[in-house]
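Enquirer: Mind having a look at this structure? Questions to follow.
The values are calculated or read from the model by the stated rules, or taken from the named source; none is laboratory data. Nothing here was measured: the structure is a model prediction, and the numbers come from that model. So basically every Cβ, Gly included, is an ideal-geometry build from the backbone, and we count neighbours across all protein chains shown.
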Amino acid sequence: MSMKDARGRPLHDLRISVTDRCNFRCTYCMPREHFGSDHSFLPRDELLSYEEITEVVRGMLPLGLKKLRLTGGEPLLRKDIASLISMLRGLSETVDIALTTNGALLRQHAQSLRNAGLNRVTVSLDAIDSELFQIMADSPRWTPNDVLEGILEAQRVGLGVKINTVVKKGLNENQILPLFQHFYEMKIPLRFIEFMDVGNTNSWNMNDVVSGREIREVIEHEYGEITPVARSVRGEVAQRFSLDDGYEFGCIESVTAPFCGDCTRARLSANGALYTCLFTSKGNDLKSLLRMGAAPEDVSRAIVDIWSKRSDRYSEERTKQTKPKEKVEMSFIGG
Ligand code: SAM
Ligand code: SF4
Ligand code: SF4
């Protein structure tokens, strides 16, 4: 059964935040002044258990779900994450399972993730220069080399690999070319993300956004003509581009070229609420339903009810908004 929201969009992707904790403090996501030692993260019993997450996915698969992405916070901080992947793989041999990570712990986990049935990882890396990496990630314990070793190991064990880079004006624009060169040589697709106004703590300002078009100009100047690649599946977040020799990279332009019309994504927060848009302030509580012992059909029915009422299109409306609205943090809802 395929189901559509109020704007005719199906539910194809679910992003699952498995934890609101992180070992980085990226300034654009979890700035230390807001996520310091006095910040209250979710207590353990508020987190959905792996069994509960599996029940949500079981209820969603018959509705047309095709892709799962484990995220957070930092998903590799959650204990024995590979066992969640095995449980999800047990529900379907064909569903695509991906994980987004900052890469710090990837080297030690890659093999077990692969063995459990993970298909792909997206690794975030905003700078290859150590000092800039520190400025962006604000976590002195880790270096770009730790992340690069994780990427190599993920490739070695046979995981699909993509890289995400957030570009912030005046901060890491000078990393566009070094990162591009590095991953072009490795033949790994790199996706540049426009700095977004998620959450309420990252002091977002339109002047700090480097547009996808500006990024492509930098690359074109160095590598020659860039050709847009037609989107192959509905709901693909990155617009892909290719160089003459066939190397493909992407731009996620949710600020300057919003793609709400094709948004087929739902998000499950670490404490079991279903969000129908990255920018909403309120989720739909599924945890209570699960903890009352709901049957899979009840979970499916609740999801159909939530999704069929969905009409979100925040990114398309952003410019019309006059005052900032209260939003949920990305580390909580899952990026
Ligand atoms: N910790 C993992 C990581 O960094 O890959 C997974 C969670 S993180 C919230 C998921 C993605 O969201 C990362 O690629 C990160 O760069 C991106 N992100 C976080 N805050 C952002 C913002 N304000 N604008 C654009 N992308 C952002
Ligand atoms: Fe952590 Fe990822 Fe957010 Fe950085 S972007 S603070 S690594 S959750
Ligand atoms: Fe989807 Fe909301 Fe982002 Fe639009 S703003 S693409 S509806 S998550």
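Enquirer: Quick one: Gly212 ticks every box in (1) closer than 17 Å to Asp13 by Cα; (2) surrounded by 14 or more Cβ atoms within 10 Å (Cβ to Cβ) bar one, so which box is it?
Expert: Of everything listed in (1) closer than 17 Å to Asp13 by Cα; (2) surrounded by 14 or more Cβ atoms within 10 Å (Cβ to Cβ), Gly212 misses just condition (1).
Enquirer: Still on this structure, please answer the following. So in the stretch 22-50, with the set limited to residues that are in a helix (DSSP H, G or I) and exposed (fewer than 11 other Cβ atoms within 10 Å of the Cβ), which one is farthest from ligand 1 (Cβ to nearest atom)?
Expert: Asp45
Enquirer: I'd like the full set of residues that are surrounded by fewer than 18 Cβ atoms within 10 Å (Cβ to Cβ) and not in a loop (DSSP other than H, G, I, E, B), limited to the stretch 88-100.
Expert: Across the stretch 88-100, the qualifying residues are Arg89, Gly90, Leu91, Asp96.
Enquirer: Just checking, which of Thr100, Thr94 is touching a Lys or Arg at 6+ places or on another chain (Cβ under 9 Å), within 16 Å of ligand 3 (Cβ to nearest atom) and not aliphatic (A, V, I, L, M)?
Expert: After ruling out the rest, the residue left standing is Thr100.
Enquirer: Just for the stretch 101-122: of the residues that are within 16 Å of ligand 2 (Cβ to nearest atom) and in a loop (DSSP other than H, G, I, E, B), which one is surrounded by the fewest Cβ atoms within 10 Å (Cβ to Cβ)?
Expert: Selected residue: Leu105.
Enquirer: Take the residues in the stretch 290-320 that are of a type outside the set (Lys, Arg) and within 16 Å of ligand 1 (Cβ to nearest atom); name whichever of them is farthest from Thr280 (Cα to Cα).
Expert: Going through the qualifying residues, I end up with Ser315.
Enquirer: Please work out if Thr71 is of a type in the set (S, T, N, Q), within 16 Å of ligand 1 (Cβ to nearest atom), in contact with a Phe, Trp or Tyr (Cβ under 9 Å, 6 or more places away or on another chain) and within 26 Å of Ile303 (Cβ to Cβ).
Expert: The answer is no for Thr71.
Enquirer: Restricting attention to the stretch 235-285, which residues are over 17 Å from Arg216 (Cβ atoms) and within 14 Å of ligand 1 (Cβ to nearest atom)?
Expert: Pro258, Arg265, Arg267, Leu268, Ser269, Ala270, Tyr275, Leu278, Phe279
Enquirer: I'm told Arg7 meets every condition in (1) in a loop (DSSP other than H, G, I, E, B); (2) within 16 Å of ligand 1 (Cβ to nearest atom); (3) at pLDDT 95 or above; (4) of a type in the set (Lys, Arg) except one. Can you identify the failing condition by its number?
Expert: Among (1) in a loop (DSSP other than H, G, I, E, B); (2) within 16 Å of ligand 1 (Cβ to nearest atom); (3) at pLDDT 95 or above; (4) of a type in the set (Lys, Arg), the lone unmet condition for Arg7 is (2).
Enquirer: Next question, about the same structure. Looking only at the stretch 10-40, count every residue that is within 30 Å of Val299 (Cβ to Cβ), of a type outside the set (Asp, Glu) and modelled with pLDDT of 95 or more and tell me the total.
Expert: Residues in the stretch 10-40 being within 30 Å of Val299 (Cβ to Cβ), of a type outside the set (Asp, Glu) and modelled with pLDDT of 95 or more: 11 in total.
Enquirer: So, of the residues in the stretch 255-282 that are touching a Leu at 6+ places or on another chain (Cβ under 8 Å) and not in a strand (DSSP E or B), which turns out to be surrounded by the most Cβ atoms within 10 Å (Cβ to Cβ)?
Expert: Looking at the filtered set, the residue picked out is Ala270.
Enquirer: Could we say that Ile188 is aliphatic (A, V, I, L, M), under 23 Å from Cys29 (Cβ atoms) and surrounded by fewer than 19 Cβ atoms within 10 Å (Cβ to Cβ) here?
Expert: Yes: the conditions hold for Ile188.
Enquirer: If a residue must be within 16 Å of ligand 2 (Cβ to nearest atom) and either closer than 26 Å to Lys169 by Cβ or without any contact (Cβ under 8 Å) to a residue 12 or more places away in the chain (or both), how many such residues does the stretch 243-278 contain?
Expert: 3
Enquirer: What tally of residues in the stretch 6-39 results from selecting those that are without any contact (Cβ under 8 Å) to a residue 40 or more places away in the chain and within 18 Å of Arg78 (Cβ to Cβ)?
Expert: So the answer is 1.
Enquirer: Filter the stretch 51-75 for residues that are part of a strand (DSSP E or B) and either under 14 Å from Leu88 (Cα atoms) or away from ligand 2 (no atom under 16 Å from the Cβ) (or both) and give the result.
Expert: Across the stretch 51-75, the qualifying residues are Lys67, Leu68, Arg69, Leu70.
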